[in-house]
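A quick write-up on the structure given underneath.
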Amino acid sequence: MGFILSVLYIVTYYLTPVTIFGPLAAFRIELILAALVIVLSLPRLAGSTVLKTPQSLALMGLTLAVFSSVMIAQHWGSGAIEAMLGFIPCALAYYLATIHGNTKKRLQILVLLLLFTCLFIIVRGSIELESGVSYNDADPMGFNSSPYLFPMKNDSGELFFRLRGLGMINDPNDLGQLLVCTIPLVFFFWRQKKLLSNIFTVLLPVSILLLGAFFTHSRGALLALMAILIVAARRRIGMVPALVLGVGVFAASMAMHFSGGRDISTGAGADRTALWSDGMEILKSHPLFGVGLGEFADNCDGCGHTAHNSLVVCAAELGSFGLFFWCMFLFPTLRDALLLASPNKVSEGDSFLPLKGPNSMWNGKQEVIDKEEINRLGRLLVLSLTGFLVTGWFLSRAYVLTLFFLGGMVEVVYEMALQRGMVPPRLPLVRNVWYSAGLAVALLLLMYVLLRTVNITH
């Protein structure tokens, strides 16, 4: 029951309570659902290793950072509590994925819910685009009758529509991020020498997701897809041919107006880099706890925009305190995913492991997962994280559910391999702390060098 409610909880997050529950959403049914999920998860928590992971401590630290950022910067107790309660539902995804998605079959079900969410939005948006979108001729940018289509003008002043989602993914770029993260995960269903099955369970859904990414006209999604292609192809054809392939696909996508007629260049991104500079200035003036969760737009010299960069928005809003814990979640997640994807780091171990106790899907059943499968799942998770991080470089999405959800999936696969003796134990907490602090410093230096380079070239 806890797993089923967890699936429903995550779908509700992406599609909004109104879409899932209709009129019942007025009774804040999503809060009731969250409470039920937490209560039903408590018995399984005792037999789970989730609290032993550094990501769990990082999320606790991030929760404290969210509260402190508002409390200290704005001296607003009720606002700090509200900000914390807004963050916890996203962080909860890590615990739900780790506690309940603890077998390959359950991971596949979690991927299915992401796929269902994406397909639902693509189909609804396509239907509305085909049926015609009404807009105000006098001010076409000011009115749009469709919740799944976002109107805007390209560099030539032509009006076009971009596919978007609902709720927390109601921006086309947010939907693009979810789509590019989901595409590699669909290959969880790939089966060797099963061509017909793979066509319907993998290739067809991926084609639809790629079409949906095209209709978002998200430049960040295009760059992420290129990065995923390069990382995936590098292993088979080498880095240089993979780069050539990626550049070729990028050029072809631009020729097909993937970006909707908008340029991708340093000049076209000047406004965005200006926001990054504002964010770094905010960090200088509020180095420890930032200006408060969601307060970037009100503290960037009246720009009224967010940072359009996950690193910058986290550093500016939560300060170095929050950025450290964000990196403390990110570092072990990336480290574990990369280790799982490396054939040299994963040993043969015991692929035949009986599932016992509260963490089994069915008591008495057994799940066979060998080294090759662990490597394959690890590579797919690396590709999904690549998509998230590349799009996240152009989006202010440092603390969204998708990141914590992917982190939970990584730790589930790592725990599978760990129980089978295929991978070494997780890094000690002290080493994670030092590496995470180093990552935070390295990312800030990277941003500083990037901004200095952009300023010099202009």
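Name the residue, out of LEU185, LEU245, LEU210, that is under 23 Å from PHE150 (Cβ atoms) and either aliphatic (A, V, I, L, M) or surrounded by fewer than 14 Cβ atoms within 10 Å (Cβ to Cβ) (or both).
On the way: LEU185 fails: under 23 Å from PHE150 (Cβ atoms); LEU245 fails: under 23 Å from PHE150 (Cβ atoms).
Every option except LEU210 fails the conditions.
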- [ ] Tell me which of these LYS345 doesn't satisfy, since it passes every other one: (1) in contact with a Cys (Cβ under 7 Å, 6 or more places away or on another chain); (2) not in a helix (DSSP H, G or I).
- [x] (1)
Task: Enumeration of residues in the stretch 134-154 that are buried (at least 17 other Cβ atoms within 10 Å of the Cβ) and modelled with pLDDT under 80 - done: TYR135, ASN144, SER146
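So if I check each of VAL11, VAL37, which one is surrounded by 14 or more Cβ atoms within 10 Å (Cβ to Cβ), of a type in the set (A, V, I, L, M), without any contact (Cβ under 8 Å) to a residue 60 or more places away in the chain and not assigned by TED's automatic domain parsing to the domain that holds LEU406? Can you show your working first?
Working: VAL11 fails: without any contact (Cβ under 8 Å) to a residue 60 or more places away in the chain.
Testing whether each residue is surrounded by 14 or more Cβ atoms within 10 Å (Cβ to Cβ), of a type in the set (A, V, I, L, M), without any contact (Cβ under 8 Å) to a residue 60 or more places away in the chain and not assigned by TED's automatic domain parsing to the domain that holds LEU406 leaves just VAL37.
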Task: Subset of the stretch 48-98 [under 23 Å from LEU5 (Cβ atoms) and β-branched (Val, Ile, Thr)] - done: THR49, VAL50, THR53, THR63, ILE88, THR98
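The values are calculated or read from the model by the stated rules, or taken from the named source; none is laboratory data. All figures in this text were calculated on a predicted structure; none of them were measured in a lab. In this analysis, Cβ positions are derived from the backbone assuming ideal geometry, glycine residues included, and neighbour counts consider all displayed protein chains.
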